[in-house]
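Take a look at the structure below.
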Amino acid sequence: LAKTTQPISMDSYEGQEVNITCSHNNIATNDYITWYQQFPSQGPRFIIQGYKTKVTNEVASLFIPADRKSSTLSLPRVSLSDTAVYYCLVGPRNSGNTPLVFGKGTRLSVIA
Amino acid sequence: GAVVSQHPSWVICKSGTSVKIECRSLDFQATTMFWYRQFPKQSLMLMATSNEGSKATYEQGVEKDKFLINHASLTLSTLTVTSAHPEDSSFYICSARRTSTDTQYFGPGTRLTVL
């Protein structure tokens, strides 16, 4: 699985848009980019997955440039409840029997 | 759909005792489940891959005789921490692979505290 690099932490005020960038220089042709969110003392929760360009759902948007060597998770108008650790993973679309490998993630703190 | 549960959600035990943690896929079959461990302020670390009806595959550095894994059915995997010590105190998380869609879903985690 391709290695990923994310900022260790970010701070934001409520109501702002937060963009978390992930670098994955060695992404393979068939790899997808998946983001997970983890609250303290809870299991990770799937947020969004994409292959190229832009993907949007009710929670976030994912921007992937043409070279796919990086991606940006965009959280619109964050609230205090968005304080969590966000993990960027790169691998096959459906991981199947391959375990998901988590990097250090980005600890987002939303301030009132 | 695609709910994974863990039981117990938290447990406190004395040093030297054994603790069993259950991971269940509630509404789907899971031939493969994974067990992770997470220490405070750290990321999830894969411990082992649990396959229904066969022996688990352990990651390097994880003692198979200490962390016993049993995947006896398509909806249940158990992790038993034997002769627990305070350094085993951690947050244990399982994930289950939904066979029909080939995607993974995480359980809510189990907080183990060994006194």
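The values are calculated or read from the model by the stated rules, or taken from the named source; none is laboratory data. None of the values given here were measured: they were computed from a predicted structure. Methodologically, a virtual Cβ is constructed for each residue, glycine included, from the backbone with ideal geometry; neighbour enumeration extends over all protein chains shown.
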Can you name every residue in the stretch A:32-49 that is in a strand (DSSP E or B) and over 10 Å from the mean Cα position of the chain (by Cα)?
A:32, A:38, A:45
Please find, among A:100, A:108, A:73, A:89, the residue that is in a strand (DSSP E or B) and modelled with pLDDT under 95.
A:89
Qualifying position, being part of a loop (DSSP other than H, G, I, E, B) and either touching a Gly at 6+ places or on another chain (Cβ under 7 Å) or at pLDDT 95 or above (or both), among A:78, A:59:
A:78
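Conditions tested, residue by residue: (1) at pLDDT 95 or above; (2) surrounded by 12 or more Cβ atoms within 10 Å (Cβ to Cβ); (3) on the phi < 0 side of the Ramachandran plot.
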residue: A:13; (1), (2), (3): yes, no, yes
residue: A:22; (1), (2), (3): yes, yes, yes
residue: A:29; (1), (2), (3): no, no, yes
residue: A:37; (1), (2), (3): yes, yes, yes
Just checking, which of B:85, B:7 is modelled with pLDDT of 95 or more, over 15 Å from the mean Cα position of the chain (by Cα) and not polar (S, T, N, Q)?
B:85
